[in-house]
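Just so it is clear, none of the values below were taken in a lab; they were calculated from the coordinates. Bear in mind the structure is a predicted one, so any value in this text is a computation, not a measurement. Cβ: placed from backbone, ideal geometry, glycine included. Neighbour counts: every protein chain shown.
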């Protein structure tokens, strides 16, 4: 694990307000490393609804299967997250570990096991010893407090160099409601979805189906538009919890995502997702540059997404950015290999607003010195105009550095 | 450019016999670097047939378009290859450069421009000054000789650390015929196709349509089964030329690829393609390990190919191999993200013949020390048994090292 904080980390972390109905506690359960905080318990008030979006992997982790199975209950009383071990590809033992963890948490909180949601991150293929949660979760259930959002975000980190948090407050009817989110993920990040773990909490009273619709609509341009290395985790999990506590302060109960009263909330909710997703890109393993890829003029938005992802996942584009080289030839290559409609002779490419290629050839006004200067900045925008239609998209990624190789070349050791 | 030869390079290079009807010449035309051999002319006897397979990029280079257009003539008298400049994404100028190059070669050889085949490799987006070929090609046309295969292979290199050549001799009817091939490519290598440039020559008398069918069938398990970085070049070109000179020695004229007399030839031809493709993987930029990914028990061969490519292109798998870490969790991840049918609980994974995972969990007999020892070898086989059907496939790749990032982080400078 790298210890230096990413140079792209936010310089200011927001103060995180409390959310009525949510209490947090963290502990060191010794899952993988001794003395490292590695378990988070979030307790949720009675009446909390839940929604979730998960990895598309055909080999999902045991906790992902657990959560998928129990979303249909629509109710959540606890979230247990551990780092250090992903409980993925652990066979029957893995399923037993999830059941045992949920049972321990349920006993500690006096709820049903199917109201306990789980997420695990870390090494794949190692059996998770869930008995380590025994005692720990009981203590946490008693001692959890409404604050400690930073500590919670820190407890779920693996190769992350900084904790990822975001918050928003917004009016819902006559009440002010809060949305708090946290995320972890720095590698093995690719759609769908683009984070390993993220959890969003609100006190707004939103029914589970509406929350699910909101979450599904929100991930498209946020978590699903981030890629670090094109590798999709077996554990990707995004869960949203709505305690509904704001109903007592006059917030209307929302049963449909299309409810017009939810407009401002939806915007704020998506903003929280976008902020968390951007932080994931900013903490890309070994990243020195945040890269925004904008594709416009594609035949469709879906084609634009494919082309943007082809650019964002190209090792040659990413190493060029690491080398501060405006190598638009490699961008052309990545456009060409995406398999989507593209006409070489209509293509324009810009780096940080400076057009380097136009109509299928180098821009006549190309000025190497000017472009080189722009490439030294920590934030790089690659913009591709295809000139074919109105399809557009935007994805975030980071550069590919030797540090990425170093981090991943000896992660297990 | 890296100067050290890949540790995976073949230790013995074959002696390359002459091929009747083929003469080779190389020169330094100063395309990009002064004093570096950067142009290859192959002259081809009258009656030579030609076949080709090219990049699937939607933004192909000007020479790729030139070759595609002129394959229909079925006849070739010359091949001109330059390194240093890919003549890709060079707009109208690029098309003019190909036409001018062909005209210069045609004049030097006394043939038609449409009998001249072209390939360029190197930087994308820089205009290629074809006037530099003037004079050079005339001299080469006069001085070309039947030998010099090693020099020819060396002339077309860019970031390659060794020239790639292969040869086979085989009976066709009563005659012995020869197949010689050369290739270049070390990065931006991915199907389809998996090399930037490769040229295969034979004196067998094979009609163009039969040669085309042979080539198309041959690339599937050879060049299209190699990936270095998942990036597909705009210039990928594989051309095959058959001078037919062996007809005078009694070789039968072949008009169909399915001709039973072509059986041994086809095997030898595919072996040449396979040897060249493997050398490309062995020269992967920064490579320290040759990695063979074998997938079996998939629902179909196509599904096996997708899964094998997902593994072979995964940065996390490739960095793990670089770190000599038998991180089969990442292999599970790559299987899972391939989007093909897979059942976690039926999966088995081996590294160099040692089974590490079985039926969705760590192999009970797993011995870390034994596996770690196996991972220190320069050649690593990752085998995945899906347990679903009879689909199988094999692809070659290499590890992802800091050296890859170094090579590609400052290629243009």
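FRET efficiency for the pair residue B:255 and residue B:99, taken as 1/(1 + (r/R0)^6) with r the Cβ-Cβ distance and R0 = 35 Å, rounds to 0.65. Modelled this way, with points 7 Å down the Cα-to-C-beta line, the labels at residue A:176 and residue B:92 are 6.3 nm from one another. Calculated on the alpha-carbon coordinates, the convex hull of the stretch A:70-169 measures out at 120 cubic angstrom per residue.
In the stretch B:181-290, the ratio of gyration radius to Kirkwood radius, Rg to Rh, stands at 1.03 when only Cα atoms are counted.
Counted over chain B, the DSSP beta bridges are approximately 70% antiparallel. For chain A, the relative contact order is 17 percent, taking Cα pairs closer than 8 Å that sit 6 or more residues apart in sequence and dividing their mean separation by the residue count. Which of rounded, prolate or oblate describes the stretch B:103-233 when judged by the alpha-carbon gyration tensor and an a/c cut-off of 1.5? Oblate, since a/c reaches 1.5 and b/c is not below a/b. Listed from fewest to most Cβ neighbours within 10 Å, the set B:61, B:6 follows the order B:6, B:61. Where both bridge residues fall in the stretch A:8-136, DSSP classifies roughly 60% of the beta bridges as antiparallel. The ranking of B:46, A:296 from fewest to most other beta carbons within 10 Å of each one's beta carbon is B:46, A:296. The Stokes-Einstein estimate for chain B, based on a Kirkwood radius over Cα pairs and taken at 20 °C with 1.002 mPa s viscosity, is a diffusion coefficient of 98 µm²/s. Residue by residue along A:333-346, Cβ atoms of other protein chains within 10 Å of the local Cβ number 6 on average. For the protein assembly as shown, the antiparallel share of DSSP beta bridges with both residues in that region comes to about 70%. A full extension of the chain between residue B:56 and residue B:169 corresponds to an added length of 37.5 nm, given 0.36 nm per residue minus the alpha carbon distance.
With the cut-off at 1.5 for a/c, could you classify the stretch A:50-107 from its C-alpha gyration tensor as rounded, prolate or oblate? The shape class here is oblate. With a Förster radius of 25 Å applied to the beta-carbon distance between residue A:107 and residue A:145, the computed FRET efficiency rounds to 0.75. Based on the alpha-carbon gyration tensor of the stretch B:290-409 and its eigenvalue square roots a ≥ b ≥ c, which shape applies: rounded if a/c is under 1.5, prolate if not and a/b is larger than b/c, or oblate? Because a/c hits 1.5 or more and a/b fails to exceed b/c, the stretch B:290-409 counts as oblate.
Here the scattering of the stretch B:92-137 is modelled by Debye summation over its C-alpha atoms, one equal scatterer each and no solvent; at q = 0.30 Å⁻¹ the log10 of I(q)/I(0) is -1.19. Ascending distances from the residue A:103 label point to its copies in the other chains, with the point 7 Å along the Cα-to-beta-carbon line: 8.4 nm. Relative to one another, the C-alpha centroids of the stretch B:17-59 and the stretch A:232-288 are positioned 58 Å apart. Taking every DSSP helix (H) stretch of at least 4 residues in chain B, weighting each as -39,500 (n - 2.57) and dividing the sum by the residue count yields a mean residue ellipticity at 222 nm of -9000 deg cm²/dmol. Once R0 is set to 41 Å, what does the formula 1/(1 + (r/R0)^6) return for the Cβ-Cβ distance between residue A:65 and residue A:390, expressed as a FRET efficiency to the nearest 0.05? Approximately 0.55, to the nearest 0.05. Our summary gives the stretch A:290-409 a relative contact order of 46 percent, counting only alpha carbon pairs under 8 angstrom and 6 or more residues apart. Panel values: the protein assembly as shown, Kirkwood radius from alpha carbon pairs, Stokes-Einstein at 37 °C and 0.692 mPa s, translational diffusion coefficient 116 µm²/s.
Calculated from the alpha-carbon coordinates, the stretch A:311-367 shows an Rg and a Dmax of 11.1, 31 Å respectively. Highest-first packing order for the peptide set B:220-230, A:160-170, B:243-253 is B:220-230, A:160-170, B:243-253, based on the mean count of other beta carbon atoms within 10 Å.
For the stretch A:373-413, the residues whose amide N sits under 18 Å from a probe point set 7 Å from the Cα of residue B:372 along the beta carbon direction are A:408-413. Expressed per residue, the C-alpha convex hull volume of the stretch A:228-368 stands at 171 Å³. Mean partner shielding of peptide A:373-385, defined as the number of other chain Cβ atoms within 10 Å of each residue Cβ, is 0.
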